[in-house]
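Single-structure report; data block below.
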Amino acid sequence: MKSFIKPLMATAIMGLAINAYAVQKDITVTANVDATLDMTTDTGEVLPSTMEMRYMPGVGLEPVSQMTKIYSNDAEKDVNINLAGTPQLMDTVGTNANIPLTVKYGDLTLTQAQQTMTATTLFPNGDTANGSIIQPLMISQTTQAPVASGNYSGVVSVVLTQATETP
């Protein structure tokens, strides 16, 4: 029995000695946060990075639309909206003419000039936790017309800024 207890005791003491050492792991956690504004889908998901316009032969490109919400940290400040550049589709080979696009947010036709959306319209109950009213972001061919065959691509950049003063 003594021969059985001694090895058991030695194992227990070694186990305690091993547990006496600790390991510390430091993990840096980061987040890129713009606490002022964001635009998401109406369900709160990230806006799609690609939207494909379908072509209807003899008619032209069909508009694409996404229902959206704007989130803000201040329901009392207006929100400015504009485009960062000229919205257009360009032939990826470069042989066909560019196709001008029209971008609308709700009832506003967007241009490079800032337009103001009032806070009372976007957040009628003064609640920012659930986002703004739901509005469509629609991209369409400016002049509905047939388009030459090709692969076209372009970027539509919508810029949101929060007004610096409360109305």
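See the values below:
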quantity: Subset of segment 64-76 [in a loop (DSSP other than H, G, I, E, B), surrounded by 15 or more Cβ atoms within 10 Å (Cβ to Cβ) and either among the charged types (D, E, K, R) or more than 20 Å from the chain's Cα centre (by Cα) (or both)]; calculated: D74
quantity: Residue check, T164 polar (S, T, N, Q), more than 21 Å from E45 (Cα to Cα) and at pLDDT below 95; calculated: yes
quantity: Boolean, T116 is β-branched (V, I, T), more than 21 Å from the chain's Cα centre (by Cα) and at pLDDT 95 or above; calculated: no
quantity: Search result, residues across segment 108-153 that are at positive phi and surrounded by 14 or more Cβ atoms within 10 Å (Cβ to Cβ); calculated: G131, G150
quantity: Qualifying positions in segment 84-102 - among the polar types (S, T, N, Q) and closer than 20 Å to S65 by Cα; calculated: T86, Q88, T102
quantity: Count of residues meeting criterion [modelled with pLDDT under 95 and under 17 Å from Q141 (Cβ atoms)] in segment 62-84; calculated: 0
quantity: Condition met for A97 (surrounded by fewer than 16 Cβ atoms within 10 Å (Cβ to Cβ), touching an Asp or Glu at 6+ places or on another chain (Cβ under 8 Å), more than 18 Å from D42 (Cα to Cα) and touching a residue at least 24 places away in the same chain (Cβ under 8 Å)); calculated: yes
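The values are calculated or read from the model by the stated rules, or taken from the named source; none is laboratory data. As the structure is a computational prediction, the values presented were derived from the model and not from experiment. We place every Cβ from the backbone using ideal geometry, glycine too, and count neighbours over all the protein chains shown.
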